[in-house]
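First the structure, in the form of structure tokens, and then the observations on it.
The values are calculated or read from the model by the stated rules, or taken from the named source; none is laboratory data. These numbers were taken from a predicted model, which means no experiment stands behind them. Counting neighbours? That spans all protein chains shown, and the Cβs are built from the backbone with ideal geometry, glycine included. Protein only, heavy atoms only, side chains kept; ligands, DNA and RNA dropped before computing areas. Shrake-Rupley method; radii C 1.70, N 1.55, O 1.52, S 1.80 Å.
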Amino acid sequence: MAPSYLEVGSSGKPGAVQYCGCAMLPASDKSSSRCTAEHLRARCDGGKDVLENVVAACWLCNNRRHRRKVPPAPEDYKRLVRNRISRGRWIASASAPVP
Ligand SMILES: [Zn+2]
């Protein structure tokens, strides 16, 4: 994980995906809203480790997306996450510590 990926995401440049819209914490943080580099196409599915395939997403969004058998397209997943948040079914606190 190169630091440049995280800079791209946290600076809000085009291409950065922030599914939940929460403020991402530094990657060194231990909480679920820490910034992670997400592969749009997972490496195990043949996704390449290139900037075009990597976006910044918080740990929770990243994890939940890839927990699905077929990760939804970024735009679809973003809609899904926002929908859950609006119904109060995402997380109570984005900064809850991760065990
Ligand atoms: Zn998130």
Legend entry - Calculated FRET value between V70 and D29, using beta carbons and R₀ = 22 Å, to 0.05: 0.15
Legend entry - Sequence-distant residues sharing a close amide H with L25 (under 5 Å, placed H): R34, C35
Inset, instruction - Would you check the accessible area of S32, probe 1.4 Å, heavy atoms only, in square angstrom rounded to 10? - result: 10 Å²
Legend entry - Fully extended contour minus Cα-Cα distance, from N53 to R79, at 0.36 nm per residue: 7.4 nm
